[in-house]
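Enquirer: First the structure, which I've put down as structure tokens, then a few questions once you've had a look.
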Amino acid sequence: MGNADYRKHNDGSLNSSTYHKKDGTKVRAILKRETEKEVEMETNCARCNVSFIDGKVSSIMSRFNLDIICSHCESKEKLHPAYHEAQLAELKAVQNGDYNFPGIGKPADL
């Protein structure tokens, strides 16, 4: 959890020894629920909806966008004509210090 996540729930009334606001709001519980929601969103492939939970299928982030995809969809992606362009764009972004590059966009035919 980054500081920004903590700050959005802390209005300055936080009792640091208990991780509760003085009004009784359980900040830690709020942050835990939000983290669980984020994890839930990444349990299936964004393209074919196969589950990652059983561990039989691996996951990776798409080169085209921020989708979390399965290894089967990654194989399809690698065969796409624009894949090389997406690789180069990501490499250039990282070399320029952009470590949060969102990709060039998923092609409509993928």
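Enquirer: At a 10 angstrom cut-off on C-beta neighbours, averaged per residue, how do the peptides 44-51, 64-71 rank from highest to lowest?
Expert: Peptide ranking by packing, descending: 64-71, 44-51.
Enquirer: Please report LYS92, LYS26 as a ranked list, fewest other C-beta atoms within 10 angstrom at the top and most at the bottom.
Expert: Working: LYS92 11, LYS26 14.
In order of increasing Cβ crowding within 10 Å: LYS92, LYS26.
Enquirer: Still on this structure: Taking the simple approach of a point 7 Å from Cα along Cα-to-Cβ for both GLU85 and MET61, what is their distance in nm?
Expert: Each label point lies 7 Å from its Cα, and together they span 2.2 nm.
Enquirer: Non-local amide H neighbours of ASP67 (under 5 Å, H modeled in plane, Pro and chain starts lacking H): which ones?
Expert: Excluding prolines and chain starts, which carry no amide H, the hits are SER62.
Enquirer: Can you compute the modelled spin-label distance between SER71 and ARG33, with each label point 7 Å from Cα toward Cβ, in nm?
Expert: Each label point is offset 7 Å from its Cα along the Cβ direction, giving 3.7 nm.
Enquirer: Can you tell me the order of 81-90, 95-104 when each peptide is scored by its average per-residue count of other Cβ atoms within 10 angstrom, highest first?
Expert: Ranked from most to least packed, the peptides come out as 81-90, 95-104.
Enquirer: First check a/c for segment 37-110, with a ≥ b ≥ c the square roots of the eigenvalues of its C-alpha gyration tensor; if it is under 1.5, answer rounded, and if not, answer prolate when a/b is larger than b/c or oblate otherwise.
Expert: Cα axes put segment 37-110 in the oblate bin.
Read-outs: derived from the displayed coordinates by stated rules, not from any lab. Computed from a predicted structure; not experimentally measured. Ideal geometry is used to build each Cβ from the backbone, glycine not excepted, and the neighbour counts take in all protein chains shown.
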